[in-house]
Amino acid sequence: MGRIVALDFGKVRTGIAVTDEMQLIASGLTTINTKELLNFLRTYVEQENVEKFVVGEPKQMNNQPSESEALIIPFLRTLEGVFPKIPVVRQDERFTSKMAVQSMIDSGMGKQKRKNKALIDEISATIILQAYLNRK
């Protein structure tokens, strides 16, 4: 088995989470500037056995795609072109940012650290990945 890589794709930053090779545990990996994302993923895929990408799917409460989906669609096409042998699946990402902040509060993290948007994105990617694992 290979790792599953989850992406909380954003216009500026993208949070990244990965599973262990047994695909049991989701862990935050990093947050990367979105402009550098494909290069980061190329390097990561060269070093690790990646079986699948899970990309967050932003939806509104009425189940319609959110406005940010328009940014994600072109990225998905590029991702599938660069990594044609690695399947890409989507996972609903509603409320992941709020859940990320709440998990920071619950863990006793200080107010200053909770303002770190990069950390929120990484935790959001982890929540997306864990939701996918739970669904699977």
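Structure notes:
- Taking region 30-78 as the range and being in a helix (DSSP H, G or I), among the charged types (D, E, K, R) and free of Cβ contacts under 8 Å to residues at least 12 places away in the same chain as the test, the residues that pass are K35, E36, E46, R77.
- Subset of region 1-29 [without any contact (Cβ under 8 Å) to a residue 24 or more places away in the chain and not aliphatic (A, V, I, L, M)]: D20
- Applying the set (1) farther than 16 Å from Y132 by Cβ; (2) aliphatic (A, V, I, L, M); (3) in contact with a helix residue (DSSP H, G or I) (Cβ under 7 Å, 6 or more places away or on another chain) to V54 leaves exactly one unmet item: (1).
- Which listed residue, of M99, M109, is part of a loop (DSSP other than H, G, I, E, B), at pLDDT below 70 and touching a helix residue (DSSP H, G or I) at 6+ places or on another chain (Cβ under 9 Å): M109
- For region 1-26, filtered to residues that are in a strand (DSSP E or B) and aliphatic (A, V, I, L, M), the residue that is modelled with the lowest pLDDT is A26.
- Residue count for region 41-57, restricted to those that are surrounded by 10 or more Cβ atoms within 10 Å (Cβ to Cβ) and either touching a Ser or Thr at 6+ places or on another chain (Cβ under 8 Å) or within 13 Å of Q23 (Cα to Cα) (or both): 6.
The values are calculated or read from the model by the stated rules, or taken from the named source; none is laboratory data. Please read all numbers here as calculations on a predicted model, not as lab measurements. Glycine also receives a Cβ, built like all others from the backbone with ideal geometry; neighbour counts cover every protein chain displayed.
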